[in-house]
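Structure, as structure tokens:
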Amino acid sequence: MSPEIFNYLPILVQIFLATSIAVGIIVASHIFGQRALTNKTKDSAYECGLIMEGKPHPRFSVKFYVTAMLFIVFDIEVVFMVPWVLIYRDFLEANIPILFPILFFFLVLVLGLIYEIKKGGLKWDR
């Protein structure tokens, strides 16, 4: 083997490990998972030893999903603000103007919130 291949050895090991872990998880899921042919007990619902009332998988209302999606969207936007808060001082020391991009981002965030309020996306009882 040439000595240049040893430079790529950690990358090859990482690719091998990632692939083998992914394949292992998929195989284990098919063997031991809920849809396994030999595992009929997992397909039945268990309610602490009591007889189950209603369907095993109830349907959720659409407003639950709308609220969940709005939470995810605004939560991701808040996550984008955390790095700005942490490196704002570094940008000021380097004379890089960062205030206007931050204000633009806040403007888009507020406009999205106003749009959702006007559309009634935040009203739970509609």
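Quick notes on this one:
- Sorted fewest first by neighbouring Cβ atoms within 10 angstrom, His57, His30 come out as His57, His30.
- Look at Trp84, Trp124 and count the other Cβ atoms within 10 Å of each Cβ; fewest to most, that gives Trp124, Trp84.
- Neighbourhood charge, 14 Å Cβ-Cβ cut-off, centred on Gly112 and excluding it, Lys, Arg +1 and Asp, Glu -1: -1
Read-outs: derived from the displayed coordinates by stated rules, not from any lab. As the structure is a computational prediction, the values presented were derived from the model and not from experiment. FYI the Cβ positions are ideal-geometry reconstructions off the backbone, even for glycines, and counts take in every protein chain you see.
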